[in-house]
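All of the numbers you see were taken from the coordinates with simple rules; none came from a lab. No experiment lies behind these values; they were computed from the predicted model shown. All Cβ positions, even for glycine, are placed from backbone atoms using ideal geometry, and neighbour counts span all protein chains on display.
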Amino acid sequence: MALKRSSKGFGKAVNRPMASAVRHLEVRTRQQMAAGQSYEGWLCKSGGCGLVIAVAPAPAGTKLAEPDDHLVAAKCPHCGNEDLYRWNSRGEHPFLPKDTPGAVK
């Protein structure tokens with residue numbers, strides 16, 4: 001009598017290219033942001049930073065389809081911390097550098 005086994009999990013892995021779930025994103029530099037202006041993006045997750053990470057505008061003439069909710073890797077232009085952010089959780093945040101009066105310390 002032969003034992004029957006499920007074929008799931010056995011054998012060679014399927015060799016299909018996997019689409020990356022994480023996309024790297026271009027952000028505005030410190031020089032491209034003015035104090036007091038609001039920018040679309042996220043607040044830095046680094047404990048000591050917390051400043052706005054603004055999404056860089058798309059180059060002229062390019063059409064970007066609005067993607068579904070996915071993760072993007074964004075590097076903070078202020079502290080250099082790179083972290084993952086949900087695309088649909090971005091919002092308008094004012095840019096207040098730490099060295100300006102009224103900034104959160």
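In sequence order, region 27-44 has phi-based couplings of 10, 6, 7, 4, 5, 8, 10, 10, 4, x, 7, 9, 10, 7, x, 10, 8, 4 Hz under the Karplus curve 6.51 cos²θ - 1.76 cosθ + 1.60, θ = phi - 60°, and Gly or Pro positions carry x.
Y39: net charge of surrounding residues, Cβ under 15 Å, Lys/Arg +1, Asp/Glu -1, itself excluded? After counting each charged neighbour, the total is 0.
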